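See below for the structure under consideration.
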Amino acid sequence: MTAHAADKPKTALVIHGGAGVIERSALSAADEREVRAALNRALDAGNAVLAKGGSALDAVEAVVVTMEESPQFNAGKGAVFNAEGRHELDASIMEGHTRRAGAVAGVTTVRNPIRLARAVMEHSPHVMLAGVGAEKFADTRPELERVKNSWFDTERRRQQLEAAQAKEKAGAALVEKGKYFGTVGAVALDAQGHIAVATSTGGMTNKRWGRVGDSPVIGAGTWADERCGVSGTGWGEFYIRNAVAHDICARVAYRGDALSVAADEVVNKIVPGAGGDGGAIALDRDGNIAMPFNTSGMYRAWIKPDGSRGTAIFRDE
């Protein structure tokens with residue numbers, strides 16, 4: 001290795017498109033190609049920022065915007081329906097070295113909720129805005145594109161709602177373990193050694209009462225500090241109860257755990273031990289990546305500091 005190559009700053013990127021019941025038998029070859037292509041588009045969007053020396057914050061926003069525009073994922077255009085047949089979107093973003101953060105919950109007309117979350121972080125004195133208030137704040141930001149709630153509709157998600165409501169009428173639980181996936185997230189390390197995280201979701205199919213999961217909750221579904229960043233995906237109630245994203249990074253910061261050890265312990269022991277399931281992506285300041293999950297699959301992709309990259313969906317990849 002030349003001295004120049006050795007001195008080149010490390011950058012890295014890891015993304016997820018959600019964890020859940022993702023069986024090979026249930027995913028057609030065409031659907032698999034579409035998912036992998038969408039993951040690669042998102043990787044390219046984030047890496048284009050990092051390769052030019054851009055910030056981790058800009059990189060994770062670019063990734064998540066791309067995924068919010070991809071109907072393959074439960075965020076933005078592909079968001080699931082709530083019990084009333086509408087969409088309520090949640091998102092959050094966090095910059096590790098400054099601990100700046102922004103989040104929104106229950107928004108209905110902002111095309112890219114992650115952009116609204118960043119606007120909350122940069123242009124308001126608050127961290128989280130919800131519902132009508134978040135929409136009113138969006139009214140003050142002319143750069144945010146607005147759409148009718150029906151813009152987020154997809155036929156596949158409508159069919160999922162109808163199936164869930166039919167099962168509910170037949171006596172099934174409102175929430176079935178593992179029957180949700182598609183939340184999107186990204187963690188990036190930039191050439192300045194800074195880490196940022198972004199997460200976005202449409203929540204759970206057939207959700208009601210304004211339910212909000214972990215994705216917009218700083219410390220639960222999203223966390224970044226100067227050492228570590230995590231974006232979670234799964235049964236949000238358990239990620240909130242166990243402060244999953246923060247717990248992983250706290251183990252790295254306070255106990256000196258390796259990133260992979262910390263992430264595995266929390267995702268594969270703490271969460272299922274409490275009755276939940278899901279996955280997470282994590283990245284540390286040395287460019288180490290962890291992608292644990294305890295479901296049958298998790299949409300995921302990465303670019304390591306050495307430039308190698310990949311996508312994966314199933315457990316045996």
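The values are calculated or read from the model by the stated rules, or taken from the named source; none is laboratory data. Predicted model only: the values in this text are computed from it and were never measured. Neighbour counts run over all protein chains shown; Cβ positions are idealised from the backbone, glycine included. Accessible surface is based on the protein model in full, side chains and every heavy atom, while ligands, DNA and RNA are left aside. Shrake-Rupley method; radii C 1.70, N 1.55, O 1.52, S 1.80 Å.
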Give the number of residues within segment 299-309 that are in contact with a strand residue (DSSP E or B) (Cβ under 6 Å, 6 or more places away or on another chain), open to solvent by less than 60 Å² (accessible area, probe 1.4 Å) and either closer than 22 Å to S55 by Cα or in a loop (DSSP other than H, G, I, E, B) (or both). 5
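Per-residue answers, yes or no, for (1) within 17 Å of W302 (Cα to Cα); (2) of a type outside the set (D, E, K, R):
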position: N47; (1), (2): yes, yes
position: K52; (1), (2): no, no
position: A59; (1), (2): yes, yes
position: E69; (1), (2): no, no
position: G78; (1), (2): no, yes
position: F81; (1), (2): no, yes
position: L89; (1), (2): no, yes
position: T98; (1), (2): no, yes
position: G102; (1), (2): no, yes
Scan segment 196-206 and tell me whether some residue there is part of a loop (DSSP other than H, G, I, E, B), open to solvent by 40 Å² or more (accessible area, probe 1.4 Å), in contact (Cβ under 8 Å) with a residue 40 or more places away in the chain and not β-branched (V, I, T). no
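Conditions tested, residue by residue: (1) part of a loop (DSSP other than H, G, I, E, B); (2) at pLDDT 95 or above; (3) not β-branched (V, I, T).
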position	(1), (2), (3)
S92	no, yes, yes
H97	yes, yes, yes
A105	no, yes, yes
I114	no, yes, no
F137	no, yes, yes
L144	yes, yes, yes
S150	no, yes, yes
R156	no, no, yes
E168	no, no, yes
I'd like the full set of residues that are of a type in the set (S, T, Y) and part of a helix (DSSP H, G or I), limited to segment 40-72. T66
It is to be established whether one or more residues within segment 39-58 are open to solvent by 40 Å² or more (accessible area, probe 1.4 Å), in contact (Cβ under 8 Å) with a residue 40 or more places away in the chain, more than 18 Å from the chain's Cα centre (by Cα) and closer than 23 Å to G203 by Cβ. no
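State which residue is surrounded by the most Cβ atoms within 10 Å (Cβ to Cβ) when the search covers only segment 124-176 and only residues that are of a type in the set (F, W, Y) and closer than 15 Å to G85 by Cα. If you could, list the steps in order and put the result at the bottom.
From segment 124-176, those of a type in the set (F, W, Y) are 137, 151-152; that's our starting set.
This time we only want the ones that are closer than 15 Å to G85 by Cα, so: 151-152.
Numbers: W151: 14, F152: 25.
Once the filter is applied, the top-ranked residue is F152.
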Taking segment 114-129 and keeping only residues that are in contact (Cβ under 8 Å) with a residue 40 or more places away in the chain and over 15 Å from I218 (Cβ atoms), one is left with R115
Output for segment 260-283, where each listed residue is open to solvent by 10 Å² or more (accessible area, probe 1.4 Å), of a type outside the set (D, E, K, R) and in contact (Cβ under 8 Å) with a residue 12 or more places away in the chain: S260, N268, I270, P272, A274, G275
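If only one of R99, R24, R33, R86 is of a type outside the set (S, T, Y) and without any contact (Cβ under 8 Å) to a residue 40 or more places away in the chain, which one is it?
Numbers: R99 fails: without any contact (Cβ under 8 Å) to a residue 40 or more places away in the chain; R24 fails: without any contact (Cβ under 8 Å) to a residue 40 or more places away in the chain; R86 fails: without any contact (Cβ under 8 Å) to a residue 40 or more places away in the chain.
After ruling out the rest, the residue left standing is R33.
Residue under question is W223, and the condition is that it be more than 23 Å from N149 (Cβ to Cβ), at pLDDT below 95 and buried (at least 24 other Cβ atoms within 10 Å of the Cβ); does it hold? Can you show your working first?
On the way: more than 23 Å from N149 (Cβ to Cβ): yes; at pLDDT below 95: no; buried (at least 24 other Cβ atoms within 10 Å of the Cβ): yes.
No.
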Segment 284-298: number of residues that are open to solvent by less than 40 Å² (accessible area, probe 1.4 Å) and either farther than 15 Å from A188 by Cβ or in a loop (DSSP other than H, G, I, E, B) (or both): 7
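Could we say that V230 is in contact (Cβ under 8 Å) with a residue 40 or more places away in the chain, of a type in the set (V, I, T) and in contact with a helix residue (DSSP H, G or I) (Cβ under 7 Å, 6 or more places away or on another chain) here?
Numbers: in contact (Cβ under 8 Å) with a residue 40 or more places away in the chain: yes; of a type in the set (V, I, T): yes; in contact with a helix residue (DSSP H, G or I) (Cβ under 7 Å, 6 or more places away or on another chain): yes.
When the stated conditions are applied, V230 passes them.
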Residue count for segment 59-94, restricted to those that are open to solvent by 30 Å² or more (accessible area, probe 1.4 Å) and either among the basic types (K, R) or under 11 Å from A196 (Cβ atoms) (or both): 3
Here are some residues: D190, D214. Which one is surrounded by 22 or more Cβ atoms within 10 Å (Cβ to Cβ), of a type in the set (D, E, K, R) and closer than 28 Å to G275 by Cβ? D214
Determine if segment 27-39 includes at least one residue that is of a type in the set (K, R), modelled with pLDDT of 90 or more and in a helix (DSSP H, G or I). yes
Looking at (1) surrounded by fewer than 24 Cβ atoms within 10 Å (Cβ to Cβ); (2) at negative phi, find the lone condition where T233 falls short. (1)
